[in-house]
Structure formats: C-alpha cells, structure tokens
1. Report the residue count in the range 1-35 for those that are in a loop (DSSP other than H, G, I, E, B), within 23 Å of the chain's Cα centre (by Cα) and on the phi < 0 side of the Ramachandran plot.
2. What are the residues in the range 216-262 that are loosely packed, with under 15 Cβ neighbours inside 10 Å and among the polar types (S, T, N, Q), if any?
3. Identify the residue in the range 186-221 that is modelled with pLDDT under 85 and in contact with a Pro (Cβ under 9 Å, 6 or more places away or on another chain) and, among all such residues, is farthest from Pro252 (Cα to Cα).
4. Go through the range 36-58 residue by residue and tally those that are in a strand (DSSP E or B), charged (D, E, K, R) and under 14 Å from Leu100 (Cα atoms).
5. Could you check the range 20-42 and list, in sequence order, the residues that are loosely packed, with under 13 Cβ neighbours inside 10 Å and closer than 18 Å to Arg106 by Cα?
6. Are any of the residues in the range 49-57 more than 22 Å from the chain's Cα centre (by Cα) and β-branched (Val, Ile, Thr)?
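The values are calculated or read from the model by the stated rules, or taken from the named source; none is laboratory data. Given the structure is predicted, the values throughout are model-derived calculations rather than measurements. Cβ coordinates were reconstructed from backbone atoms using ideal geometry, including for glycine residues, and neighbour counts include every protein chain displayed.
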Amino acid sequence: MIKEDETATYVYCLVQRARPPMLTRAPRGLPGTARVRGLDAGDGLWLVVADAPLSRYGEAPLEARLRDLEWVAACATAHEAVVEFAARGGTTVPLKLLTLFNDDERAIAHIRRLRPTIDRVLGRVAGRQEWGVRVRLDEVAARRRHVERARRATAGVSSGTRFLVLKKEQQQAVREALARGREDVDAAFEALARAADDARRRPPDSVEGAARLLLDAAFLLTPSRAARFKKVARAAATRLGRRGYELTLSGPWPPYNFVGGVA
C-alpha cells in the first residue's frame, strides 16, 4: 500500500547555468505535485524537479490516469509552462512528459550516466531558440477557387456539360492544389532552413478540420538571427498565400525538437 507522504522525483528539464535556477516564481507544475525546485547535477547542470505523490504518480494510478486525455493534456500544458519558465534563465534541455524517478539520487545518477550525450546536446542548442512553422491548405477554399474558375471558363456552355465540368473540378481541386503547392512548400522550408542554424521537418500527415497540414517544421536559431528568419517567413507566407496556403509562425520556444537522445 502506498503511503500518502511517499513521493517520486518528477523531472521537467535540465538547465545549464553557473548558479542555481531561480524558481520561486515558477508555474505550479503538474497537478498534485510539490513546488518546483532545482537539483544540482554538478558542473553547472541543474535538474528542474518536483516531488510527485505516488498516490497519483505511482505506476498503477498513473496507468489509470493515462486513459484520461483531458488529464494528460493538462499535464502537458503544465509541464511546458515550467520548461518555458526555466528556459528564461539558461540553456534548457526539456525532458519528456512524465519523466519520473524513485528519488533525487536516482534522477541525478541517470543524468550523470547520460552526461556525454547531454553535453553534446547542450553544445548544439546553447544560446538558441526554437521556432515552429506550419503551412496549411484550406480545402474548402481550394474547391471554391477551382469551381469559380471553371464557372467563368464554361460560361455559355450547355448546362449538362457545365455540370459535369464543375463536378470534375470540385473533385480534382484539392489534389491539384496539393500537387501544385508541393514545390512552393519545399522551397519555403529550404529558405527558412538557410536562415536558421538547424531544422527539423515532421511528416505533414495530419488533417485539422478543413485545413490540411502540408508542412510541420521546427527551426533552431540564435536570437540575433530571429529578425532575418521572421523576414524570410513573412516573404514565404506572402508567396504561399497567393496559392491559398496559410503559413503560421510560432515561438520562440525551448528546443523541444533538437534534444533527441536525452530521456
């Protein structure tokens, strides 16, 4: 039986800085956990952690809670809020949601075993921020544009023929828009990648309502390059907008997509 005062150590992220991270004003963190605190891992590396009651975050209760998607989403939001707060004070390596250890000593020992990998990651992301770029196609708008063009082109044609043409245009609209826009989206990604220090592109296989996601990418860059990067993003948004695509830019964020290899 789990006692009420038994806890595990929940780890939000790692922070590289000479002095302990200032966490007195950090967000509350995951539901039911204690206040966020810093844990010294040595050589200027700190773990940002909190005590997590085993009555909520032990193996059995956690497995049951993972079926509650609203609870998981709330945890993810709280986790990211702490990571983003910590990132204001130094180079930060976010850890995965629900990274738990039996106690502080186990957490520190795990990080020390990974120290060579962590040092390489820190070298890659030090002094840099992540920016996200997404490009979507509004399928409803794409169909509407195709049909309007077809109506103008078939003015004066017999009603039966016109009906068939309009129906065909409606069916082909999204497929043609996707094919035509692929090169433009690829060119936008390459231009943004040249303006950044590193880039990651994820498979754009999701559909959000009537807007199809064509590009889902993350870019790593120093703050000094941000103005140039945003200028390139605005230019790409203008070009893509002429074809009915919408580019959205978000950030800056901690380098979530550039810390692979750190569990």
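1. 5
2. Thr222, Ser224, Thr238, Thr248, Ser250 - these are the residues of the range 216-262 that are loosely packed, with under 15 Cβ neighbours inside 10 Å and among the polar types (S, T, N, Q).
3. Arg212
4. Residues in the range 36-58 being in a strand (DSSP E or B), charged (D, E, K, R) and under 14 Å from Leu100 (Cα atoms): 1 in total.
5. Listed by number, the residues that qualify are Asp40, Gly42.
6. The answer is no, given that none of the residues of the range 49-57 is more than 22 Å from the chain's Cα centre (by Cα) and β-branched (Val, Ile, Thr).
Residue-wise test of (1) in contact with a strand residue (DSSP E or B) (Cβ under 7 Å, 6 or more places away or on another chain); (2) small (Gly, Ala, Ser); (3) on the phi < 0 side of the Ramachandran plot.
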site	(1), (2), (3)
Val72	no, no, yes
Ala86	yes, yes, yes
Val93	yes, no, yes
Thr117	no, no, yes
